[in-house]
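Scroll down for the structure; my scribbles are underneath it.
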Amino acid sequence: MSTLWLLRHAHPLVDAGVCYGRLDVAADAARTVQAAQDFSGLLPGGSVLRHSPLRRCVQLADALLAHIPALAPNRHPDSRLQEMDFGRWEGQPWEQIPRPDIDAWAADLATCVPGGGESLAAMLQSMRMLVDRGPRDDPRQFFDVLRAMLFYIDEFPERRHHPKETELLFPRVVKAAPEVGLAVARLDRDHEYTERAVRDVQHLLLGWELLGESRRQIFQDAFKRYVDLYLAHMRLEEEEVLPAAEKNLSEADWKALDAAFEQNCDPLTGKYKPDPAYEQLFSKIVRNAPAPIGLG
Ligand SMILES: [Fe+2]
């Protein structure tokens, strides 16, 4: 029977009480070396070293290798071991994060994504990781979870969220900040394209599942185009349009927008009360999909 050793990185160089999650902060160098030295005598020969690619864990892996050079061929950085993504909370003192938001996360660790915002990107990243891994020895599970994830994205972001952005949020932002008009025009075009594209991708996935390997590449190509475009779309929203909205929209605007988006009941946001039917679907995804969205 093999033994699993879990080693935590040394003290991170960040102010006490700050939520650092996936921020790539360094660890204390002297303590890292000390920890590697203390631990190196305990490891049996032939051990395998897996670590998060974040800097604080790479430091510890490097320090261990300095003591045990024979580990080098068995060293594997693995993005599935990264700290979870805390979205907008990252870099903020825990004390300044609204208590109800932390309570909502603590009460529902399986489905509430902390910090909002990053959750859809996390879903897309998990899907990409799943597609890269492929069906391996469990095609049924692979196609089940990928189908569930694509369906979810079609149901929420594409059918419910985007129309509200296009009809309610964007016109308000352009009126208040005309300089983002070009960016908004591009986002509107993206919405039209991605709504069709996600259904094409679902069809292509079915093709791969039902007709076999000859349909794998065409799915992978369409899926990659879809995810790349979606991530670029989200970057444009986050970097140009949402900052303009935050700066220029009135309290009355935000009230109206919150009321509209609240009706989506999307569990992925972690912000609005989720619809129980979708919570079940979302739990299934979290149980079976890889990190960062899931535990599988
Ligand atoms: Fe959008």
>> Defining a contact as two alpha carbons under 8 Å apart and six or more residues distant in sequence, what relative contact order in percent does the chain show?
In response: 20
> Which of the helices in the chain, when you take each full DSSP H run, stretch at least 27 Å along the axis at their Cα atoms and have an average Kyte-Doolittle score of -1.0 or higher?
Replying inline: 181-211, 216-236
> Cα-Cα over 30 Å: which of LYS175/LYS224; LYS224/LYS284; LYS164/LYS247; LYS164/LYS224?
Replying inline: LYS175/LYS224
> HIS51's amide H: which non-local residues (gap 5+, or another chain) put their own amide H closer than 5 Å, with H modeled 1.01 Å from N in plane and none for Pro or chain starts?
Replying inline: HIS76, ASP78
> Shape call for the chain from the C-alpha gyration tensor, a ≥ b ≥ c root eigenvalues: rounded (a/c under 1.5), prolate (a/b greater than b/c) or oblate?
Replying inline: oblate
> Long-range amide H contacts for ALA291: which residues qualify at under 5 Å (H placed 1.01 Å from N, peptide plane, sequence gap of 5 or more or a different chain)?
Replying inline: GLY296
> Can you give the FRET efficiency for VAL14 and GLN34, using 1/(1 + (r/R0)^6), R0 = 22 Å, r = Cβ-Cβ distance, to the nearest 0.05?
Replying inline: 0.70
> Of TRP89, TRP5, how do they rank once you tally other Cβ atoms within 10 Å and put the fewest first?
Replying inline: TRP5, TRP89
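Where a number appears in this text, it was derived from the coordinates with a stated rule and is not lab data. Owing to the predicted nature of the structure, the values given are computational and were not obtained by experimental measurement. Here Cβ is always computed from backbone atoms with ideal geometry, including for glycine, and neighbour counts include all displayed protein chains.
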